[in-house]
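K.L.:
This is the structure, below, for whatever I ask next.
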Amino acid sequence: MSGARVAAPLAHPEALFIDGEWRVPSTDSTIAVEDATTEEVFLRVAEAREADVDAAIAAARTAFDLGPWPRLTHAERAGYLQAIADALEARLADAAGLWVRESGIVHAAAQASVARVPQTFARHARLADDYPFEERHAPTAGGEYGLLVREPVGVVAAIVPWNVPLGLAAHKIAPALLAGCAIVLKASPEAPGSAYLLAEIAEQVGLPAGVLNVVTADREVSERLVRDPRVDKIAFTGSTAAGRRIAAIAGDRIARYTLELGGKSAAVILDDFDLGQAAKTLAGAECFLSGQVCSSITRIVVDRARHDDFVDALAAEFAAVRVGDPFADGVGMGPLAIERQRDRVLDLVAQAKAEGSRLATGGGVPEGLERGWFVEPTVFAGVDSQATIAREEVFGPVLTVLPADGEDDAVRIANDSIYGLNASVFTNDADRALAVARRLRSGTVGHNAYRTDYGIAFGGVKQSGVGREGGREGIAAYLETKTIILDAVPMRSDSASDVEGAA
């Protein structure tokens, strides 16, 4: 076995982390968390109700308005970020084990993925050294001294889904903390374990009270975070449908928001690339987290003359994947996270067959795995770009192959979507890859692989989201820009970046 099921390694699952302490919730309501493989409840956590969410918002508001956190230097806050990174290193085994049970990811993949999360905090800590939080400018309409300052946006509601709960929380918490914000982290009821780990680490490193508050709540109660005027910004990762709702509510009160939403990402396989290698690469990527990844490459566009050969290669790769207990050695794909997601995937598969798409492999529940939320790796061939299976996000291990008549047609098909989160171009010619990449309407474009890079920036165009997470681009979403114009040069002027003369 590559791992084992152990008791959930949480100290206070019965409590909520509010204002720097573990509090008894306002009611005795709890949330049962099921193991995606066994369907057994392995964890119960406190369910936050309206009074608890209100208390968390109040704590964050006080921490931001009256506490020391926003008034620390960026270097001082970076020290806390590095301490969180170090403390998280010691909890990686706990984080990986929780993720497997909550979301169904293969244990070895979970270990490798969570091992990168501490670097999210460490990279943001290093940004304290050279990010332009202050820039000196020459005034253009009077005055002697101009200063552009980037200050924390305020109280942030960070709302994360169940598929990659630790990593997605880190990409919100790290920049918000460096900027000087206070945070209410709202965990998914299906996967709250990582949020509890982060709360324990915040307590361990001595993060000031109220700077990070952690609650788990259902959608109705969570909406209070979006509506409450004490919350300055919402950072959300989840479905496009939920994102539309959040944007509408936030727009009513002009709240700031970052939305990382759904995808139906395309790969364009050009005529010079080996089909077997492309099939191996794309099938392997889709097995990660059983396809429960918003940026998954699920629409594969290939020249019509090579379509059938590619489908055969892709179906063979998928048919060879061993599906089973994600803790077991040799397993290439585990279950989906929750029953309703498994049922939705099977419904979309049935609809695809009814609409005339050809099933090349998979399409059902693997034999002998009736317990747990398993779905076979599935390939549909000859898919029309207007078919439901080619347009709706499945969020499961289902790939569609769409035939194209040349490169221009392939780009057209790839762009024929309400989404624009990720894409890939498969070609041996880097110049050709770059030319096609510039034509694809997508937040990220990879070359000969599934790729994303939070160290640079991640996010989507069209209905895949608003804003970016990660890197220098991502921190801007947690800052407000202020222009200061003085009649004289202040004594402390040397502290600002010297970009005098910039307009």
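Quick note: the coordinates plus some simple rules give every number you see, no bench work behind them. Treat the numbers as computed from the prediction; the structure is a model and nothing was measured. Every residue, glycine as well, gets a Cβ built from its backbone with ideal geometry; the counts of neighbours run over all protein chains shown.
K.L.:
Taking every eigenvalue of the Cα gyration tensor of region 265-447, multiplying by 5 and rooting it, what semi-axes result, largest first, whole Å?
P.N.:
27, 17, 15
K.L.:
For region 75-110 and region 407-485, what is the centre-to-centre distance using only Cα atoms, to the nearest Å?
P.N.:
Using only Cα atoms, the two centres lie 27 Å from each other.
K.L.:
Expressed as an acute angle from 0 to 90° and rounded to the nearest 10, what is the orientation of the C-alpha long axis of helix 50-65 relative to the principal long axis of the chain?
P.N.:
Compared with the principal axis, the helix lies near 50 degrees.
K.L.:
Which far-off residues, 5 or more places away or on another chain, put their amide H under 5 Å from the one on L399, with H placed in the peptide plane?
P.N.:
Distant-sequence amide H within range of L399: T378, V379, F380.
K.L.:
What is the Rg over Rh value, at two decimals, for the chain, using alpha-carbon atoms and the Kirkwood definition of Rh?
P.N.:
1.00
K.L.:
Here is a follow-up. Which of the GluC sites (Glu not before Pro) across region 356-432 are loop residues per DSSP, with 11 or fewer other Cβ within 10 Å?
P.N.:
The qualifying sites are E367, E370.
K.L.:
Could I ask something else about it? Sort L10, L66 so that the residue with the fewest other Cβ atoms within 10 Å of its own Cβ comes first and the one with the most comes last.
P.N.:
In order of increasing Cβ crowding within 10 Å: L66, L10.
K.L.:
How large is the charge dipole for region 1-125, taken about the Cα centre, if only the Cβ atoms of Lys, Arg (+1) and Asp, Glu (-1) carry charge, to the nearest 20 debye? Intermediate results must be reported in sequence, preceding the final value.
P.N.:
Numbers: 11 positive and 18 negative charges, 116 e Å.
Dipole size: approximately 560 debye.
K.L.:
Now for a separate question. Enter the angle in degrees (range 0 to 90, nearest 10) between the Cα long axis of helix 307-319 and the first principal axis of the Cα atoms of the chain, meaning the one along which they spread out most.
P.N.:
80
K.L.:
What number of lysine-lysine pairs in the chain show an alpha-carbon separation below 30 angstrom, given a sequence spacing of 8 or more or placement on distinct chains?
P.N.:
Lysine pairs satisfying the spacing and distance rule in the chain number 19.
K.L.:
Calculate for the chain the 222 nm mean residue ellipticity that helices alone would give, adding -39,500 (n - 2.57) per DSSP H run of length 4 or more and normalising by residue count, nearest 500 deg cm²/dmol.
P.N.:
Helix contribution divided over all residues of the chain: -11000 deg cm²/dmol.
K.L.:
Using Cβ counts within 10 Å as a stand-in for footprinting exposure, how do D312, D347 rank, fewest first?
P.N.:
Result, fewest neighbours first: D347, D312.
K.L.:
Let me have the relative contact order for the chain, percent, based on Cα pairs under 8 Å that are six or more residues apart. Walk me through the intermediate numbers first.
P.N.:
Working: 1170 pairs, mean separation 94.5, N = 503.
For the chain, the relative contact order is 19 percent.
K.L.:
How far is helix 117-127 tilted off the main Cα axis of the chain, in degrees rounded to 10, range 0 to 90?
P.N.:
So the inclination is approximately 40 degrees.
K.L.:
May I have the extent of the alpha carbons of region 1-77 along their three principal axes, as whole Å values ordered from largest to smallest?
P.N.:
For region 1-77, the Cα spread along each principal axis is 49, 34, 17 Å.
K.L.:
Give the shape of region 165-260 as rounded, prolate or oblate, defined through the alpha-carbon gyration tensor: a ≥ b ≥ c are the square roots of its eigenvalues, a/c under 1.5 means rounded, and otherwise the shape is prolate if a/b is larger than b/c and oblate if not.
P.N.:
Because a/c hits 1.5 or more and a/b exceeds b/c, region 165-260 counts as prolate.
K.L.:
Another question, then. Going by C-beta contacts inside 10 Å, put H307, H12 in order with the fewest on the left.
P.N.:
Ascending number of Cβ neighbours within 10 Å: H12, H307.
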